[in-house]
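These notes are about the structure you will find just below.
The values are calculated or read from the model by the stated rules, or taken from the named source; none is laboratory data. In this text, all values refer to a predicted model and were calculated from it rather than measured experimentally. Cβ placement follows ideal geometry from the backbone for every residue including glycine, while neighbour counts extend to all protein chains displayed. Heavy atoms of the whole protein, side chains included, go into the accessibility calculation; ligands, DNA and RNA do not. Shrake-Rupley method; radii C 1.70, N 1.55, O 1.52, S 1.80 Å.
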Amino acid sequence: MSHTDGSKPIAERVEALLAQMTIEEKVAQLAQPFGWQTFEKKDGKAVPTADFIRRLAATGVGSLYGTLRADPWTGVTLDTGLSPREGAELLNELQRQAIEGSRLGIPILFGEECSHGHMAIGATVFPVPLAMGSAWNVELYRRVCEAVARETRSQGGAVTYSPVLDVVRDPRWGRTEECFGEDPHLVSEYAVAAVEGLQGESLAAPDRVVATLKHFVAYGGSEGGRNAGPVSMGPLELHNVDLLPFERAVRAGARSIMPAYNEIDGVPCTVNRALLDELVRKQWGFDGMIITDCGAIEMLFDGHDVAEDRIDAAIRSLRAGIDMEMSGQVYPSALPEAIASGRLAESTLDEAVRRVLKLKFELGLFDAPYVDPDEAERWIHCEAHRDLARRIATEGVVMLRNAAGTLPLSKDIGKIAVIGPNADHAYNQLGDYTSPQPRGKVATVRDGVLAKLGGDESRVAYAPGCRINGDDREGFETAIACASQADAVVLVLGGSSARDFGEGTINLTTGASVVTDRPWSDMDCGEGIDRTNLTLSGVQAELFEAIYRLGKPVVVVYINGRPVAEPRIDERAHAVLEAWYPGQEGGHAIADLLFGDANPSGKLTISVPRHVGQLPVHYLGKRSRGKRYLEMDSKPLYPFGYGLSYTTFAYDGLSLDADEIDADGETTVRVTVTNAGTVAGAEVVQLYVSDAVSSVTRPAMELRGFRKIYLQPGESRQVAFRIGKEQLQYANASGVRYVEPGRFEIKVGTSSVETIGATLTVREGN
């Protein structure tokens, strides 16, 4: 039988193809070299390189990473990169070369980064996951994933390296922005939505891609918040916190997993057979592909130092369950030698190759390998996707403070000063893992405010004031002058995950971009950018002090990738909005909220500390973790689940259908929520469970459900949550989940610290 016979089952086609392959061809299927190195531009058109064509002819190419990725690491810029149509045409040509120019005609699996939009020039840039998590709107996020999948697949990308399911412990970690928050239940809900939105009903559909769950596992619990640092975590915490989102996503049908760089109790995740093979494959039943993070196998002999050399590292990785190596630096050279020397059985290699080929057949790449460039032009950055980016950006902004009803601002206001290093810096609001985008496709806060005031530039004064980093105060004078003539000040502070494209710096007096021989990088967040504190970088806090002393109403907008611990600002600013990195439509979304065209509905998914010395300050702590330090208590400045609105919501009438159930029984908790204010708004109703007495120590409270509801002024709605095994259970050290009899406190409210509750008793079993 031929593997090209589309009428045959996938398993038979895989075996037919595998039987024809040489060892070198098999190994080539397990390597994923960098895609941007496979083409060059000739006469303005992207074409495959001669080296790539020779490689195809020799062994074939299994997969390519980031062929359309653009950033300083790849060296691809707006000038040298590809338009949506050009990208689709290039991937078609690379695919054609693979099918027609290799012995067996095996199609290429194109993998792309899509954490918050396809990392390609021209693609829609959505808010970072931390912002989308703060929306607490799982259905809306599912629609975002559908849009990202459509844009990516329309160019030929078939696998995305998202969602990021790490549970954050220490926000000093630079990759905090890539995560949904600090709670495993919330991350799990978003994980399932990501799998459903990205993969849909059929991977072979022209608008779906494979979801890759990362970083497996406990990557967000590293020592000191340092990227890829060691993790010291017991099995109880591992099973109840970090593994939970991955298990939920696997059971939802995820087809790919990426192990993390870190070790857990001395064992690097890349070679952790207990997790990759015993747990994921055998217990959870996962039969998809496992792919390393970039360079992870090399770390085994140059970093972790648990492998003797490249061959030893490759053997251990393959045996542990690693099917594909991102970067492809070790497998191609080491695996053939390992098999030739008798150190590795070819049957072990075959198992990995089967899984890779199976995924390609599931994606329909053998039967429909090419894409329609017209579809790429139609869908990438279309109006519907831009509208979606604006909506989720709006819902993800959290209003932390609004003293004396400072917000919303009136559109009849005379003049507004929009000041700060992030007030008009487009790339600073996009977050890490973002390609360069044309300036006209990104709306800054200055753009948004100007649009609200009818484009009247005489009513909007602007000055950057300072940079994100550095001690240059040259721009203070201009910023103060702008603020002095305004009726209100919108001060846009925060951080930057913008990687250095060498585009220059900014004139602090005029705000204009300046190209220099010494470009300035303001990056203080993102992958590999971990911090020792959570205060504002540079002299931004001083800029606030200078503006605040003018006595004008000051609205602070934070645009950043991790919580900001600046209690003096939060105590004195008239209003504070936390926007995270809100994406390309962020400026319009923030302006909608500033002027009351939208009502803030975001809630924190990560606690904001008063001081870095309080860390860890996440809400999911044990009762025994202590009350205070000498200098201050241990409570965060803003707790998990917190967020203000232009209206108020009242909770009453909480009841349980049954206040006593069996361990395998269930009941329903009901609560009435009323919009007690004068404007329509959305409220995130949050369900928490607390086990009063347990055989092992458990968190003081755990999020077990949430629902976002929309209410008109005076409108009431009864919200119901089912309470059963899923909400009450806990995993033991082996990962077995069970419900202990005893007393549980069921709490429902507007945040983790504002709830009403009732007692539920779980009876002893027979």
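Couple of notes before you dig in:
- Considering the conditions (1) closer than 24 Å to L620 by Cβ; (2) surrounded by 21 or more Cβ atoms within 10 Å (Cβ to Cβ), I290 is excluded by exactly one of them, (1).
- For the criterion of being within 19 Å of the chain's Cα centre (by Cα) and not polar (S, T, N, Q), F126 passes.
- Among (1) outside any helix (DSSP H, G or I); (2) open to solvent by 10 Å² or more (accessible area, probe 1.4 Å) - the single one M119 does not satisfy: (2)
- Subset of region 379-398 (residues that are among the charged types (D, E, K, R) and either free of Cβ contacts under 8 Å to residues at least 60 places away in the same chain or open to solvent by 20 Å² or more (accessible area, probe 1.4 Å) (or both)): E383, R386, D387, R390, R391
- Residues (under 14 Å from V669 (Cα atoms) and part of a loop (DSSP other than H, G, I, E, B)) located in region 722-736: G724
- Extreme residue, least open to solvent (accessible area, probe 1.4 Å), among residues of region 88-114 that are over 13 Å from R54 (Cα atoms) and of a type in the set (S, T, N, Q): Q95
- Region 476-498 - residue that is open to solvent by 20 Å² or more (accessible area, probe 1.4 Å) and of a type in the set (S, T, Y) and, of those, nearest to H425 (Cα to Cα): T478
- Considering (1) within 34 Å of the chain's Cα centre (by Cα); (2) part of a loop (DSSP other than H, G, I, E, B), the lone condition that D664 does not fulfil carries the number (1).
- Taking the listed residues S734, S716, the one that is of a type outside the set (K, R), surrounded by fewer than 18 Cβ atoms within 10 Å (Cβ to Cβ) and at pLDDT below 95 is S734, with no other qualifying.
- Against the test of being open to solvent by 10 Å² or more (accessible area, probe 1.4 Å) and either acidic (D, E) or touching a helix residue (DSSP H, G or I) at 6+ places or on another chain (Cβ under 7 Å) (or both), the options V460, V445 yield a single qualifying residue, V460.
- Residue within region 584-602 that is surrounded by fewer than 17 Cβ atoms within 10 Å (Cβ to Cβ), of a type in the set (D, E) and at pLDDT below 95 present: no
- Every residue from region 530-584 that is assigned to a loop (DSSP other than H, G, I, E, B) and of a type in the set (K, R): R531, R549, K552, R562
- A Cβ distance below 6 Å, combined with a sequence gap of six or more or placement on separate chains, defines the contacts here; from region 427-455, residues that are closer than 25 Å to K415 by Cα and in contact (Cβ under 8 Å) with a residue 60 or more places away in the chain reach residues that are hydroxyl-bearing (S, T, Y) and open to solvent by 20 Å² or more (accessible area, probe 1.4 Å) in the pairs R446/Y462.
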